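Any read-out appearing in this document is the output of simple, stated calculations on the displayed coordinates, not a laboratory observation. Note that the coordinates shown come from a computational prediction; the quantities given were computed from them, not determined experimentally. Note: ideal-geometry Cβ built from the backbone for every residue, glycine included; neighbour counts use all protein chains shown.
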Amino acid sequence: MEHNRNSFYITTPIFYPNGNLHIGHAYTSVIADIFARMSRLSGRPTYFLTGVDENSLKIEKKAKEAGQEIMPFLDEQTGKIKDIFEKLRVGYDQYIRTTDPVHHRGVIEMWNRLKKAGDIYEGTYEGLYCVGCESFKTEKDLIDGKCPDHGVEPEKISEKNYFFRLSKYADTIAQHIRTGDFLITPVARKNEILAVLEGGLQDIPFSRPYKGQPNAILVPGDETQSIYVWCDALTNYISALGFGSSQKTYYDMFWPAKVHIMGKDILRFHAAIWPAMLLSAGLPLPKQLLVHGLMISGGKKMSKSLGNIVDPEEMRGIVGAGGLRLYFAHDIPLTGDGEISKDLIVASYNAHLANGLGNLTNRLLKMMISYEVQFDMEKVAHTPVWQKTEAILKESLDNLDLTGYASYIWKEFASIDKEIQDTEPFKVFKVDPDKARAIVSGMMIKFYTLVYFTDPILPHTSARIISYIRNRQMPERPLFVKI
Ligand code: MSP
């Protein structure tokens, strides 16, 4: 199968399955899911990958703390993550586990290519290692001698490693970023990374001594060393598609990715190490990195290590999957940091769903049914309002402008509300029923269209409202109860 220029391959970072997913992880996954659904709705061949980063030291520690063997622990974690994805309607096409054999084959193939390119060499590493970040640190990364993200002193280590010749690629990567064929958005992140690249990159350790860590991928030809987590983890984006296996149809179809989505905490890995690996391996670069801000709680990045986590399950219990998804899409600026709070989520739910879409649905359905309004649903797709909304969908997708898309649709819903107020069909009906029917029919065409195009944000609700319209039926209970 040939690569289709229109194909839309979208990924989330693979998550460390060492605790419950917090709202920041849910955010990354939900926005990726919304883009994937927008892409499917616009007719593009779409592939949405998410998954877990299982081969790491901190996972091993967690399993030990839980008194469990590693594989049953990981299976249980994956069960929990899949469950929350299902509840939040995160409809991935593939969930990659770095313990999957297909992934191991991809990593080995990647290593062999880097080696063949002359970019892997043996050396000794002396320095600091933060297990929380799974990365090496320099003094200037630390605050008061501690990792700023994890609040712990990194370990001092001296060990034999294989190094990856990252330094060789700084200029080429910067060039790809400047020309825009490796796009980094928003522009502040692009500039941040360009500054790093212009300062030059240092070669980095790509292996660590193998000490019997479960699931480690051993260096081909040297079983005393295991492949370092980021080389392992980043490769998931292509191993999942079959890179390194005999079955690589998906790789051929979908690589290069349209977009990798991630939080700014892991931008450098994706904007420096990953493209360098791909260049070294002779593979195309992803088209874009979309870097979102971090959700903060109590002024600090939410993280399992800090213990300041907002639980997406609890939030879903209050405002439902739709409430949370709409909040992410409509209220969180994609590229800034957002303090997350229950009150803000509830206020958004009440405004946009209970008082907004929920009320509007009721008012329109009631009028449509009681005034016996007819409109031809099969022809809606040929109306100007449909064509305009479809064009907005495509444009928002091209620009990865989620908040723009969500706010456009909700403004249009509000404009129908306003039209009801202005035209007062309930009064018109008493004197001129046909005129009232014509007014409501026009509104129904617009409403049906908008509901159809909300599907990426509110997948189940959209289908439910469409079926009420088609069956000329009132919901048995309110769609969104006010909180
Ligand atoms: N396993 C690595 C990623 C490897 S990708 C090849 C990792 N995992 S993680 O579970 O710690 O975090 C993954 C992602 O979750 C972050 O990049 C970010 O996208 C998201 N978030 C983690 N904390 C977040 C917030 N507080 N706010 C928003 N998103 C956050 O790093």
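Out of residues 5 or more away from Thr335 or on other chains, whose amide H comes under 5 Å of its own, with H placed 1.01 Å from N in the peptide plane?
Correct list: Gly293.
Considering the chain, which cysteines have no disulfide-compatible partner, defined as another cysteine with its Cβ under 4.7 Å away?
Singleton cysteines: Cys231.
Decide, for the stretch 336-432, between rounded, prolate and oblate: order the square roots of the alpha carbon gyration tensor eigenvalues as a ≥ b ≥ c, take rounded if a/c falls under 1.5, and otherwise choose prolate if a/b is larger than b/c, else oblate.
oblate
Based solely on its DSSP helices, what 222 nm [θ] is calculated for the chain when runs of n ≥ 4 H residues each add -39,500 (n - 2.57) and the sum is averaged over all residues, nearest 500 deg cm²/dmol?
Mean residue ellipticity at 222 nm (helix-derived): -14500 deg cm²/dmol.
Please compute the net charge surrounding His352, taking Lys and Arg as +1 and Asp and Glu as -1 over other residues with Cβ under 14 Å from its Cβ.
0
Go through 96-107, 205-216 and give me the packing order, highest mean Cβ count within 10 Å leading.
Ranking, from highest mean packing down: 96-107, 205-216.
So, in Å, what gap is there between the alpha-carbon centers of the stretch 232-296 and the stretch 17-73?
Here the two parts' Cα centres lie 15 Å apart.
Quick one: angle between helix 101-116 and the longest Cα principal axis of the chain, in degrees between 0 and 90, rounded to 10, please.
Between helix and principal axis, roughly 50 degrees.
I'd like the distance between the alpha-carbon centres of the stretch 361-429 and the stretch 434-460, rounded to an integer number of Å.
Spelled out, the Cα-based centre of one part sits 4 Å from the other.
Would you please state the base-10 log of I(q)/I(0) at q = 0.19 1/Å for the stretch 31-152, with intensities from the Debye formula using one equal scatterer on every alpha carbon?
Here the Debye-derived log intensity ratios amount to -1.17.
For the stretch 308-385, which GluC sites (Glu not before Pro) are both in a DSSP coil and crowded by at most 16 other Cβ atoms within 10 Å?
Filter output for the stretch 308-385: Glu372.
Can you give me the long-range amide H partners of Gly263? Hydrogens built in the peptide plane at 1.01 Å from N, cutoff under 5 Å, separation of 5 or more residues or another chain.
Distant-sequence amide H within range of Gly263: His292.
Given H placed 1.01 Å from N in the peptide plane, which residues other than close sequence neighbours of Lys300 have an amide H under 5 Å from its amide H?
Here the answer is none, since no amide H 5 or more places off falls under 5 Å of that of Lys300.
Working from the pairwise distances between different alpha carbons, so that the mean of 1/r is found and then inverted, what is the chain's Kirkwood radius in Å?
It is 24.4 Å.
Please turn the phi angles of the stretch 361-369 into ³J(HN,Hα) values with the Karplus equation 6.51 cos²θ - 1.76 cosθ + 1.60 (θ = phi - 60°), one per residue in order, whole Hz, x for glycine and proline.
Each residue's phi maps through the Karplus curve to give 4, 4, 4, 5, 4, 4, 5, 4, 6 Hz.
Starting at the first residue of the stretch 135-144, write each ³J(HN,Hα) from the Karplus equation 6.51 cos²θ - 1.76 cosθ + 1.60 with θ = phi - 60°, in whole Hz, x for Gly and Pro.
8, 7, 10, 10, 3, 6, 7, 9, 10, 6
For the stretch 53-68, in order, what is each residue's ³J(HN,Hα) by Karplus, 6.51 cos²θ - 1.76 cosθ + 1.60 with θ = phi - 60°, in whole Hz (x at glycine and Pro)?
9, 9, 8, 9, 4, 6, 5, 4, 4, 4, 4, 4, 4, 7, x, 10
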